[in-house]
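Since every read-out is calculated from the coordinates, none of them should be taken as a lab result. All values reported here derive from a predicted model rather than from experimental measurement. Backbone-built Cβ (ideal geometry, glycine too); neighbour counts: all protein chains shown.
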Amino acid sequence: MLGFRDPVADAIGLLRPRTVIGPSLRATGEWALRFDRFLHVRIGGLVRGSCWLLLEGREPVLLHEGDTFMLGNPPSYVLASAPDARPRPAAPVLADTEDGFVRIGPQSENDLYLCVGHIAFDDENAALLTDLLPPLVIVRAADPHGGRLAQLIDLLATEVGAPAAGGPLVQNHLAQILLVHMLRAHAGQTDRPTGWLGALNEDGIGAALRAVHADVAHSWTLKELAGISHMSRSAFAQAFKRHVGVPPLEYLIQWRMSLARDALARDTLPISELAQATGYQSESAFSTAFRRVVGSSPTQFRNQARQPAHSAANGS
């Protein structure tokens, strides 16, 4: 069975996140760093102090101790001691790291302490999440999720600052936990996100989404999903499209194809078995659906995915 039970866990599992944490920044005086554009998510938090975040097209934002931020497919942005400070490129500054830290200015008990990391996803399915994220999400320390996120940032900063056995593994898992909590916080904010992420907070639609993810091979009908949501078929179809952005059965097809892309890229199942695992009675029906959504046949997609691995194995 390819599906799990929770849409967020499913999506992150398919994204196969790769995290890079730090180096952490400690700074005093006037400073400003310009970060280059990055795919796909960058997360940071203030362990101590305050700083400004400047994102093109938005008003400068003052971040305080305990605040956490997430940038989705961020363009170039600036972190600075003041909104008018002249920025310098961040990359060469962050390259000069020592014991997981970069320092700007003299050491001080009240210096800024910023922990930043970025998370990259497999390109095949990255849009499952990145298409739903705004450029910037901020969770204040006083927000409902703020205290827990501040604790996670503290833990992450501790792991970066005190290397120990298994440190990279702990950092990777903490970053993914931080990502999930940021998604929860974003979904619960007043300006709710569109797509499946926001729809999970809607009782009826959320129940239908979880049912689909729990048994992706089932031959779901609009009537069944509407019944799970305790709505009429027409009301359910309208509500689902309004919240998720696509009709229910189209969402089911897209999710099945996301699972199929992942399985084909990793070459984990024969195409005939993959067709059954994703709810299709025949390989031809699966291939037709896959070509419509992805733009190539399953065989072509799998062969293309094999090429980079074959080239790497041969040192080319």
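Tabulated results
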item: Extension gain (nm, one decimal) between Phe101 and Gln176, 0.36 nm per residue minus Cα-Cα; result: 24.9 nm
item: In order through segment 219-232: 3J(HN,Hα) via Karplus (6.51 cos²θ - 1.76 cosθ + 1.60), integer Hz, x for Gly, Pro; result: 7, 5, 10, 4, 5, 4, 5, 5, x, 4, 7, 6, 9, 6
item: Potential lengthening between Arg37 and Ser76 on full extension [0.36 nm per residue; Cα-Cα distance subtracted]; result: 13.6 nm
item: Contour minus Cα-Cα distance for Glu56 and Ala207 (0.36 nm per residue); result: 50.6 nm
item: Sparse-neighbourhood loop sites, trypsin sites (Lys or Arg not before Pro) in segment 19-76 - DSSP loop, at most 12 other Cβ within 10 angstrom; result: Arg37, Arg58
item: Per-residue ³J(HN,Hα) for segment 51-63, Karplus 6.51 cos²θ - 1.76 cosθ + 1.60, θ = phi - 60°, Hz, x for Gly and Pro; result: 7, 9, 10, 10, 10, 4, x, 10, 5, x, 10, 8, 9
item: Cα gyration tensor, segment 128-220 - rounded (a/c under 1.5), prolate or oblate; result: oblate
item: Bridge type composition, the chain - antiparallel percent by DSSP, nearest 5; result: 85 percent
item: Cα long-axis angle, helix 233-244 against the chain (0 to 90 degrees, to the nearest 10); result: 30 degrees
item: Inter-probe distance in nm under a simple model that places probes 7 Å from Cα toward Cβ, at Arg291 and Ser219; result: 2.3 nm
item: Within a Gaussian network of the chain (alpha carbon springs, distance under 10 Å), most fluctuating of Ile177, Ile138, Ile205; result: Ile177
item: Leu249/Thr130 FRET efficiency (R0 25 Å; Cβ-Cβ; nearest 0.05); result: 0.55
item: In segment 105-189, the GluC sites (Glu not before Pro) that fall in loop regions by DSSP, at most 14 other Cβ within 10 Å; result: Glu109
item: Angle between the chain longest axis and helix 248-266 axis [Cα atoms, degrees, rounded to 10]; result: 70 degrees
item: 5 angstrom amide H check on Tyr77, placed H, neighbours 5+ away; result: Phe35
item: Karplus (6.51, -1.76, 1.60) ³J(HN,Hα), θ = phi - 60°, over segment 144-152, in Hz, Gly and Pro reported as x; result: x, 8, x, x, 5, 5, 4, 5, 5
item: Top positive-direction residue, dipole computed over segment 1-74 with Cβ charges, set Gly72, Val20, Gly45; result: Val20
item: Residues whose placed amide H lies under 5 Å from that of Leu133, excluding near-sequence neighbours; result: none
item: Residues in segment 20-34 reached by a label modelled at Arg48 [backbone nitrogen below 16 Å; 7 Å Cα→Cβ]; result: 24-29
item: Cα centroid of segment 129-180 to Cα centroid of segment 29-90, whole Å; result: 16 Å
item: Between 0 and 90°, nearest 10: helix 167-188 axis offset from the chain longest Cα axis; result: 70 degrees
